[in-house]
1. In the structure shown, do any of 399/464; 168/220; 284/399; 403/463 have a Cα-Cα gap over 18 Å, and if so which?
2. What number comes out for the charge environment of residue 374, summing +1 per Lys or Arg and -1 per Asp or Glu over other residues with Cβ under 14 Å away?
3. Pulled fully out, how much extra length does the chain show between residue 378 and residue 71, if you take 0.36 nm times their separation in residues and subtract their Cα-Cα distance?
4. Where does each of 462, 231 land when they are ranked from fewest to most other beta-carbon atoms within 10 angstrom?
5. Which of the GluC sites (Glu not before Pro) found in the stretch 163-258 are loop residues per DSSP with 12 or fewer other Cβ atoms within 10 Å of their Cβ?
6. Over what distance in Å are the Cα centres of the stretch 162-193 and the stretch 382-405 separated?
7. Once label points are set 7 Å from the Cα along Cα→Cβ at both residue 407 and residue 32, what is their separation, rounded to one decimal in nm?
8. Straight-line reach from residue 14: which lysines have a Cα under 28 Å away, not including same-chain ones fewer than 8 places off?
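Read-outs: derived from the displayed coordinates by stated rules, not from any lab. Just so you know, these numbers come straight off a predicted model, no measurement behind them. Glycine gets a Cβ as well: all are built from the backbone with ideal geometry, and neighbour counts include every protein chain shown.
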Amino acid sequence: MNRAGDASARAEAKFRALLESAPDAMVIVDGEGRIHLVNRQAETLFGYKRGELLGRPAEMLIPERLRSPHREDRAGYFSRQRARALGSALALYGLLSDGTEFPVEVSLSTVETEEGPLVISAIRDVSARKQIDEAQAHLAAIIDSSGDAIISVTTDGIIRSWNDGAAKLLGYTREEMLGQSTIKLLQPGLEGDEEQILDAIREGKSVVEYETRRRRKDGKIIHVSVTASPVRARSGQIIGASQIARNSTDRWAAAAERDRIFAELERSNKELDEFAYIASHDLKEPLRGMHNYASFLAEDYGDKLDDEGRAHIDSIKRLAQRLSTLIDELLHYSRLGSEQLSVRKIRLDALAAEVVRDLQPLLSETGTEVSWPRPLPAVACDPVWVRDLLQNLVTNAAKYNDKARRLVEIGYLDGGPPTTFYVRDNGIGIAPQHWQNVFQIFKRLHARGAYGGGTGAGLTIVKKIVERHGGRIWLDSKPGEGTTFYFTLAAGNGPASNRPTHTAHALADPTAA
């Protein structure tokens with residue numbers, strides 16, 4: 001072999017080596033569209049052995065629906081013989097040996113040989129990149145369709161992206177805000193808010209629902225809730241922040257109105273409590289006078305009156321005494337709304353023992369047995385008020401009972417916090433339609449003389465005591481079988497909103513979900 005032949009052989013060997021080491025699948029096609037040469041990457045990519053490809057039409061590597069257009073493009077390319085760089089590559093689809101299609105990017109170039117021009121195709125599988133591009137496009141569409149303002153900024157607060165939600169919320173177009181500082185959006189005097197957010201981002205922290213204010217393009221100030229998260233480069237370095245701003249103006253207005261109403265209710269309740277206290281106190285004096293004068297009449301003129309006249313005087317004294325008792329109950333109720341709680345930790349069974357001792361005459365007279373089968377837990381409460389609560393519930397349980405053996409049980413349900421206590425009896429029971437009525441002041445379900453009388457204020461006072469402790473009270477009852485009053489005392493014992501896991505009283509609790 002002469003020197004020229006050696007050089008040609010070395011060049012061809014070098015070319016083949018370069019072809020094999022190329023990172024892309026290389027397919028060399030002649031003027032008739034037949035595969036002249038492939039590299040190892042082409043075998044791996046398409047799933048064919050080299051011998052299965054050589055001499056075959058290049059269209060075997062393309063889905064059938066694209067083969068006819070490809071032949072026309074190939075013929076045109078050979079006539080022009082213009083290289084197509086990688087950056088201007090064709091977006092096509094390849095066909096694997098098993099018939100699966102996949103997206104590819106193809107770059108073409110021409111080389112002159114003794115046999116004529118050959119086209120070198122560099123083929124790259126872009127499935128992963130296409131998936132990323134589609135995911136990014138999908139994410140961009142979601143961001144643009146969001147009703148919230150979604151903005152990306154640098155760590156210095158320079159805006160890099162601006163979605164349609166931001167344009168709608170703040171009035172500026174994307175073109176107006178890209179490259180601008182977020183200071184443009186701040187209400188004067190609140191520049192420190194944005195700096196606090198950016199300080200947290202630079203430290204790698206997220207900010208969740210930061211309430212602040214922003215200035216719209218039209219100058220209007222709106223309340224917004226901002227959530228911001230750091231944006232990191234591949235290296236992990238923080239390069240900016242993603243901010244989501246949601247209009248909270250209506251929520252702020254609603255909260256302000258709610259606070260105003262609560263303040264008004266608190267003021268009104270305080271005035272009512274004060275009025276009830278003063279009015280009740282002032283009513284006591286003339287009542288005492290009425291009672292005293294009725295007593296004087298009975299003492300000085302009783303022997304001059306007939307039986308009917310003396311009965312009328314007794315009725316005046318009795319009614320005056322009853323009205324005095326009602327006023328005392330009203331005074332008690334009004335104080336419950338104004339006096340401060342004196343909360344301390346105390347075992348409820350200690351209070352129950354005091355109540356049983358104080359009510360012993362009533363319990364003995366009615367034949368009532370009061371028990372608590374297991375020790376009652378400690379609870380944070382005002383002992384004076386909760387003692388009054390238990391006394392009212394036990395008194396009712398003893399009085400409203402027609403059984404030969406009257407039973408009252410004090411206990412609690414497992415679960416919480418807060419702990420759910422109960423007072424259960426085997427008495428006359430309450431019909432469901434009256435369950436809420438029993439808590440209304442001076443509301444009686446029975447005739448005045450039935451079951452020992454009473455003012456009708458006891459359960460109202462019980463409900464007020466429970467509510468002042470942040471708790472709830474409800475009942476479960478069956479006429480003729482008995483009643484159970486449930487209550488929680490949330491002051492210092494956990495949130496009042498917790499529901500006990502009990503099924504029997506769901507209907508009795510109007511707030512139960």
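1. Details: 399/464 21 Å; 168/220 13 Å; 284/399 28 Å; 403/463 26 Å.
Pairs exceeding 18 Å: 399/464; 284/399; 403/463.
2. On the way: positive: 347, 424; negative: 349, 409, 414.
Its environment carries a net charge of -1.
3. On the way: separation 307, 0.36 × 307 = 110.52 nm, distance 8.96 nm.
My answer for the length gained is 101.6 nm.
4. Details: 462 25, 231 16.
Lowest to highest Cβ neighbour count: 231, 462.
5. Passing both the DSSP loop test and the Cβ count: 203.
6. Cα centroid to Cα centroid, the span is 65 Å.
7. Distance between the two pseudo-spin positions: 10.6 nm.
8. Partners within reach: 49.
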